[in-house]
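A.B. asks: I have a structure here, written as structure tokens, and I will follow up with some questions on it.
The values are calculated or read from the model by the stated rules, or taken from the named source; none is laboratory data. These figures come from a predicted structure and were not determined experimentally. Every residue, glycine among them, receives a Cβ derived from its backbone with ideal geometry; neighbour counts consider all protein chains shown.
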Amino acid sequence: MLEIENLSVETNGKRILHNLNLTIAPGETHVLFGPNASGKTTLLMTIMGFPQYKVKQGRILFKGKDITHLSIDKRARLGIGIAFQRPPSIRGVKVRDVARSSLGHRKNGKVVETIATKLNIRDLLDRDINLGFSGGELKLSELFQLTMQEPDLILLDEPDSGVDLENIKLVGKTIGALLQTSAGLIITHTGHILNYVNAQKGHILLDGKLHSQLEPRRLLDTIEECGYAKCAECAKCKD
């Protein structure tokens, strides 16, 4: 599904990712741990194709196609979707409009109302995207849009942050349902999302370099015991 080969990335003239390699097979979910400013969001943004993240070396393959220099919209049309940690507000564009645009002609338009009701965000449909939304509403709105898009690869930037206990279960179950038919790469600090998704592999990103490939819960336990830096060097975390 996704192959990243020797990827090095710069933004604002600073090298963030260094010779990174990662492979995600169809149906697999990978979880990415790491301290702040380690390059986790940079990796997701680079996969999605945001132009401020400059690929200086390596390549990105999606479903066998080299997408290293494709635009964001072309990557989305190929089947990559992303949910941001802090999505922007867009005045004048309604949630309903984006949902219908993502849906296209693939399904009856009534599915918009059906899914919005299931996610308890029907009252958000006719509001400007993310404008004045609470933390939980932001996450559910992002997941609603991903559900409409039906991507083959889902990139999730801290989906369990800023969500209260009442909404985390709904967020987690929605992500779990999405990942039943899609591959995924999830950034998390807390690991709460692991209660709701069947993730196969976990990684630590530290100083722009990828370490380890362990079962995510085992890796999280080791991080809590050792810390990120020691965990990356620890025998328990070596490939």
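A.B. asks: May I ask you to list pairs of residues, at least six apart or on different chains, whose Cβ atoms are under 7 Å apart, with the first in the stretch 200-229 being more than 28 Å from ARG15 (Cβ to Cβ) and the second being surrounded by fewer than 21 Cβ atoms within 10 Å (Cβ to Cβ) and charged (D, E, K, R)?
C.D. replies: From residues that are more than 28 Å from ARG15 (Cβ to Cβ), the pairs are GLN200/GLU28.
A.B. asks: Right, another one. Give the stretch 25-81 a look and list any residue that's part of a helix (DSSP H, G or I) and polar (S, T, N, Q), or say none. Steps first, answer last, please.
C.D. replies: Narrowing the stretch 25-81 to residues part of a helix (DSSP H, G or I): 40-48, 72-78.
Those that are part of a helix (DSSP H, G or I) and polar (S, T, N, Q): THR41, THR42, THR46.
A.B. asks: A follow-up question, please. So if I check each of THR68, THR41, THR11, THR46, which one is out of contact with any His (no Cβ under 9 Å at 6 or more places or on another chain), closer than 23 Å to GLU215 by Cα and among the hydroxyl-bearing types (Ser, Thr, Tyr)?
C.D. replies: THR41
A.B. asks: Can you name the residue in the stretch 154-179 that is touching a helix residue (DSSP H, G or I) at 6+ places or on another chain (Cβ under 8 Å), acidic (Asp, Glu) and outside any helix (DSSP H, G or I) and, of all such residues, is nearest to THR190 (Cα to Cα)?
C.D. replies: Result: ASP160.
A.B. asks: Here's another thing I want to ask about it. Please give the number of the condition LEU44 fails out of (1) out of contact with any strand residue (DSSP E or B) (no Cβ under 6 Å at 6 or more places or on another chain); (2) surrounded by 14 or more Cβ atoms within 10 Å (Cβ to Cβ).
C.D. replies: (1)
A.B. asks: Additional query: When the residues of the stretch 116-130 are narrowed to those that are within 21 Å of the chain's Cα centre (by Cα) and within 15 Å of SER89 (Cβ to Cβ), which ends up surrounded by the fewest Cβ atoms within 10 Å (Cβ to Cβ)?
C.D. replies: So the residue we want is ASN130.
A.B. asks: While we're on this one: Which of the residues belonging to the stretch 1-29 are buried (at least 21 other Cβ atoms within 10 Å of the Cβ), within 26 Å of GLY227 (Cα to Cα) and within 15 Å of the chain's Cα centre (by Cα)?
C.D. replies: THR29 - this is the single residue of the stretch 1-29 that is buried (at least 21 other Cβ atoms within 10 Å of the Cβ), within 26 Å of GLY227 (Cα to Cα) and within 15 Å of the chain's Cα centre (by Cα).
A.B. asks: A further question follows. Checking PRO151 against (1) surrounded by 15 or more Cβ atoms within 10 Å (Cβ to Cβ); (2) of a type outside the set (Val, Ile, Thr); (3) assigned to a helix (DSSP H, G or I), only one condition comes out false. Which one?
C.D. replies: Looking at each condition in turn, PRO151 falls short on (3).
A.B. asks: Identify the residue in the stretch 107-140 that is part of a helix (DSSP H, G or I) and of a type in the set (A, V, I, L, M, F, W, C) and, among all such residues, is nearest to GLN85 (Cα to Cα).
C.D. replies: Among those residues, the one meeting the criterion is LEU138.
A.B. asks: Ok, one more. Hey, ASN6 hits all of (1) at positive phi; (2) outside any strand (DSSP E or B) but one; which does it fall short on?
C.D. replies: Result: ASN6 fails condition (2) only.
A.B. asks: Please indicate, with yes or no, whether at least one residue in the stretch 63-85 is without any contact (Cβ under 8 Å) to a residue 60 or more places away in the chain, surrounded by 13 or more Cβ atoms within 10 Å (Cβ to Cβ), closer than 21 Å to GLY172 by Cα and not hydrophobic (A, V, I, L, M, F, W, C).
C.D. replies: Scanning the stretch 63-85, I find no residue that is without any contact (Cβ under 8 Å) to a residue 60 or more places away in the chain, surrounded by 13 or more Cβ atoms within 10 Å (Cβ to Cβ), closer than 21 Å to GLY172 by Cα and not hydrophobic (A, V, I, L, M, F, W, C), so the answer is no.
A.B. asks: Let me ask you something else. Right, LEU143: modelled with pLDDT of 85 or more, part of a helix (DSSP H, G or I) and within 13 Å of the chain's Cα centre (by Cα) or not?
C.D. replies: For LEU143, the condition - modelled with pLDDT of 85 or more, part of a helix (DSSP H, G or I) and within 13 Å of the chain's Cα centre (by Cα) - is met.
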